[in-house]
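No value in this document is a laboratory result; all are computed from the given coordinates. Source: prediction; values computed, not measured. So basically every Cβ, Gly included, is an ideal-geometry build from the backbone, and we count neighbours across all protein chains shown.
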Amino acid sequence: MEGHTDMDVLDRAERYLHRHGRLIDRLRFEALFRGGSRERVLDVLRCYQNSDGGFGNALEPDLRGSASQPEPVEMAFWILDELDAFDSPMVAAACDHLVSITTPDGGVPFVLPSVRDTLRAPWWQTDDDPPGHLIPTAPIAGLLHKHGVTHPWLAAATEFCWSRLATLKEHDPYQARAAVTFLSHVPDRERARAEFARLSETLLGAVTFDPDTPGHVHFPLDFAPEPARLPLFTQDVLDTHLDALLAAQSADGGWGGNWEMWTPVVAHEWGGHVTVERLKTLRAYGRLPG
């Protein structure tokens, strides 16, 4: 995007969000970039939380059902993280819900069998009795540690993550990203650094370094959307991908997902969410106003 200015990027993104974005993503943009109310974001986020403490209602756009699923808890926690709002009662309620769906080994399943009764993307499949999974257990635990939250769910979940990392061998980008979040924030920093060093080839083997690679791939900034606590990437790699990210802003001002948009509404909903995420990354690396 030749000759852009910081305000061009924000103004164009704002217009995109007004055309396509959900209310929650429009309000996130206002709170993060226009001095808007963070409490209004929380008001809307509460509408995605169910009476059981879990989250559903298409907060994760590919899960269209109203019932609680594990992954929307992670999405809600990332929003609370950006607002520094882990003192919200939504957090304790969500953790209480996690206790009710946690497997005996301390992990939360990737998805619950109740998903079968709802409209969802075709990749949301599960066994009758799904095991605990690093996704979303690891990022949820990592974010709780980051914000100093104490809850009975967290200790066993943390041990589950350590045990799963001990056997991790796949170059799976989603598991790798989950592991990076956990290792970035778990309090035992010496153990985290040692485990990252041991796993670095496995974790970074899931990264696509050529910014022009098409399709559903995961780039360095997907693993490090803000400056990392772990030695993930060199500055020249980050700069290359930050340049590419700025250039990838679409003609109508947004960014979208590079995975299958299986029904038209999710292209709009993901577009708004991803656009706010991309702006956050650009600002975190000094490419937008603070």
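Spin-label model, VAL217/HIS18: points 7 Å from Cα along the beta carbon direction are separated by 3.6 nm. Remark: the chain carries a charge dipole of roughly 420 debye about the Cα centre, counting +1 on each Lys and Arg Cβ and -1 on each Asp and Glu Cβ. The stretch between ASP129 and ASP8, if pulled fully straight at 0.36 nm per residue, gains 38.6 nm over its current Cα-Cα span. Under 5 Å from the amide H of HIS133 lie the amide H atoms of VAL108, PHE110, each residue being 5 or more positions distant or on a separate chain, with H modelled from the backbone and absent for Pro and chain starts. Counting neighbouring Cβ atoms within 10 Å and putting the fewest first, the residues CYS161, CYS95, CYS47 line up as CYS47, CYS95, CYS161. When HIS241, HIS18 are arranged by Cβ crowding within 10 Å, least crowded first, meaning fewest neighbours, the order is HIS18, HIS241. Counting 0.36 nm for each residue step from ASN258 to SER163 and taking away their Cα separation leaves a gain of 31.1 nm. Label separation (ARG191 vs ALA284): 2.5 nm, computed from points 7 Å beyond Cα along the C-beta direction.
Farthest toward the positive end of the dipole of region 49-168, out of PHE160, THR118, SER100, is the Cα of THR118, where the dipole comes from beta carbon charges about the Cα centre.
Summarising the label geometry, the points placed 7 Å from Cα in the beta-carbon direction at SER250 and ASP87 lie 3.9 nm from one another.
Quick one: putting +1 on the C-beta of Lys and Arg, -1 on the C-beta of Asp and Glu, what dipole do you get for region 49-168 around its Cα centre, in Debye to the nearest 20?
Numbers: 5 positive and 16 negative charges, 22 e Å.
With Lys and Arg at +1 and Asp and Glu at -1, about 100 debye.
Listing MET261, MET7 from fewest to most neighbouring C-beta atoms within 10 Å gives MET7, MET261. Considering only MET75, PRO211, VAL266, and ranking their Cα positions along the charge dipole of the chain that arises from unit charges at the beta-carbon of Lys, Arg, Asp and Glu, the one farthest toward the positive end is MET75. Coupling constants for region 76-86 follow from the phi torsions by the Karplus curve (6.51 cos²θ - 1.76 cosθ + 1.60, θ = phi - 60°), and in residue order they are 4, 5, 5, 5, 4, 5, 5, 8, 6, 10, 6 Hz; glycine and proline get x.
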